[in-house]
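Participant: Have a look at this one before I ask anything.
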Amino acid sequence: MQIELDRVTIQFGSVTAVDQLSAAFRSGELVALLGPSGCGKSTTLFALAGIYKPTSGEVRFDGNVVNKLEPEDREIGMVFQNYALYPHMTVLDNILFPLKMKRTPKREALERARAMADTVQIGHLLDRRPGQLSGGQQQRVAIARALVKEPRLLLLDEPLSNLDARLRLEMREEIRRIQLQVGITTVFVTHDQEEAMSIADRIVLLQSGKLQQDAAPVAMYREPANLFAAQFIGTPPMNVLDGALSADGRTAVLEAAEPGARAVKIGVRPEDWTLAEAGAGSAVATAVVSHVETIGRDTLLRAQIGATPVRLYVPQERGAEVGEALRLNVRPGKAHVFDPASGARLA
Ligand code: ATP
């Protein structure tokens, strides 16, 4: 199912939780609603579910306005952070529950519940109660229960936040596998940029209820629309330095030099610095190393460019020492230029 949010605003008294949000999701896409705590992710998800109604603007499913449609009439499946399984029921009865509510004939209901349990790989756990399952297994039951009605839209609210780190990795791959197998349009709320980057077709990035960027993960990483996106996406985060843009707008430098130059913020990802070895031509900056961390293939350095702390990778064979001054350049096309006042991308 195709989803459109058209200038959706949601207010709670004087709080504007979602502010003029417009976005469109294609059928079969997995979209991550991403942003820091309080940015309006859950409120947006609840508006898709019909639990909250927009104060203004429209929510459309396949082109039809659904603002007034109640949750039970929206053909959605939802998985909450705490899974909300019925503790006194078996796994099978939990999965059957939505079909019982719809008065699906018993034989058909059983067939569908069993097939869905197999899809999420809990077919061997049907007689257990939720309390006898691991976190990951409970998560699978919640997904099966949400999908068994064959909804047109799957909504997931921070579904991985109650799992330990290893299980979180496993379950995010599982959610993607199940979503692709079922082919359902899915909206997934998370505050974890790495999680969003790793499984979403598209990321809708929010801050203070406002859309910051709507793009495929790689596009958002390569070409962040503003300083907020630049610093929210990627670990370690992008370095941001004071710089200047030449009067013709074509070259950015880390120090304001020529007259008429415009003050800007220049962003460089830790992997986009290169070392200008001694005597080998010019460098755009000099960084004094303050900390060296060896992590597998590369060495991550913390350093100072003037008063600004930066992070950069150097090849492990090269290494570096604390106190060493490194002459640096930026890979061609990898300097991101932003307006210091609005944060908007300039180049
Ligand atoms: P988190 O990651 O912490 O869950 P979020 O991005 O999902 O945050 P929301 O829960 O959507 O954020 O909240 C957005 C804003 O709206 C916050 O300022 C929050 O305090 C406010 N808010 C959310 N629900 C209500 C409500 N029912 N009544 C009043 N204010 C609310």
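The values are calculated or read from the model by the stated rules, or taken from the named source; none is laboratory data. Just so we're clear, the structure is a prediction, and the values are computed from it rather than from any experiment. Backbone-built Cβ (ideal geometry, glycine too); neighbour counts: all protein chains shown.
Participant: For A146, state whether it is in contact (Cβ under 8 Å) with a residue 60 or more places away in the chain and assigned to a helix (DSSP H, G or I).
Facilitator: yes
Participant: Another one. Consider G343 against the criteria (1) within 18 Å of G234 (Cβ to Cβ); (2) out of contact with any Phe, Trp or Tyr (no Cβ under 8 Å at 6 or more places or on another chain): it satisfies all of them except one. Which criterion is unmet?
Facilitator: (2)
Participant: Which one is nearest to the chain's Cα centre (by Cα), of the residues in segment 1-26 that are among the β-branched types (V, I, T) and within 16 Å of the ligand (Cβ to nearest atom)?
Facilitator: Among residues in segment 1-26 that are among the β-branched types (V, I, T) and within 16 Å of the ligand (Cβ to nearest atom), the one nearest to the chain's Cα centre (by Cα) is V18.
Participant: Now for a different question. Do you know which residues across segment 86-125 are assigned to a loop (DSSP other than H, G, I, E, B) and over 17 Å from A146 (Cβ atoms)?
Facilitator: Within segment 86-125, P87, H88, T90, R103, P105 meet the criteria.
Participant: Look at I10 and say whether it is in a loop (DSSP other than H, G, I, E, B) and among the β-branched types (V, I, T).
Facilitator: Answer is no for this residue.
Participant: For segment 235-245, state whether one or more residues are under 28 Å from I178 (Cα atoms) and buried (at least 22 other Cβ atoms within 10 Å of the Cβ).
Facilitator: no
Participant: Here's another thing I want to ask about it. Of everything in segment 234-277, what is part of a loop (DSSP other than H, G, I, E, B), on the phi < 0 side of the Ramachandran plot and modelled with pLDDT of 90 or more? Give them in sequence order.
Facilitator: T235, P236, P237, M238, R269
Participant: May I ask you to verify whether T294 is surrounded by 17 or more Cβ atoms within 10 Å (Cβ to Cβ) and more than 15 Å from L328 (Cα to Cα)?
Facilitator: no
Participant: Taking segment 78-106, which residues are at pLDDT 95 or above and either under 29 Å from the mean Cα position of the chain (by Cα) or closer than 24 Å to T190 by Cβ (or both)?
Facilitator: Hit for segment 78-106 is I95, nothing else.
Participant: To continue, here is another question. If you take the residues in segment 149-181 that are of a type in the set (A, V, I, L, M, F, W, C) and assigned to a loop (DSSP other than H, G, I, E, B), which one is farthest from the ligand (Cβ to nearest atom)?
Facilitator: L163
Participant: Hey, does segment 27-46 have a residue that's near the ligand (Cβ under 10 Å from one of its atoms), modelled with pLDDT of 95 or more and of a type in the set (V, I, T)?
Facilitator: Yes; the residues of segment 27-46 include at least one that is near the ligand (Cβ under 10 Å from one of its atoms), modelled with pLDDT of 95 or more and of a type in the set (V, I, T).
Participant: Separate question: Check whether at least one residue in segment 40-52 is of a type outside the set (D, E, K, R), within 23 Å of I178 (Cβ to Cβ) and without any contact (Cβ under 8 Å) to a residue 24 or more places away in the chain, and report yes or no.
Facilitator: Yes - at least one qualifying residue is present in segment 40-52.
Participant: On to the next question. Is it true that A320 is closer than 30 Å to A225 by Cα and either surrounded by fewer than 17 Cβ atoms within 10 Å (Cβ to Cβ) or over 28 Å from the mean Cα position of the chain (by Cα) (or both)?
Facilitator: So A320 does not fit the description; no.
Participant: Restricting to segment 182-223, and then to whatever is away from the ligand (no atom under 13 Å from the Cβ), in a strand (DSSP E or B) and not aliphatic (A, V, I, L, M), can you tell me which residue is farthest from V79 (Cα to Cα)?
Facilitator: Among those that are away from the ligand (no atom under 13 Å from the Cβ), in a strand (DSSP E or B) and not aliphatic (A, V, I, L, M), it is Q213.
Participant: Among the residues of segment 57-87, what is the count of those that are farther than 26 Å from R168 by Cα and more than 16 Å from the ligand (Cβ to nearest atom)?
Facilitator: So the answer is 16.
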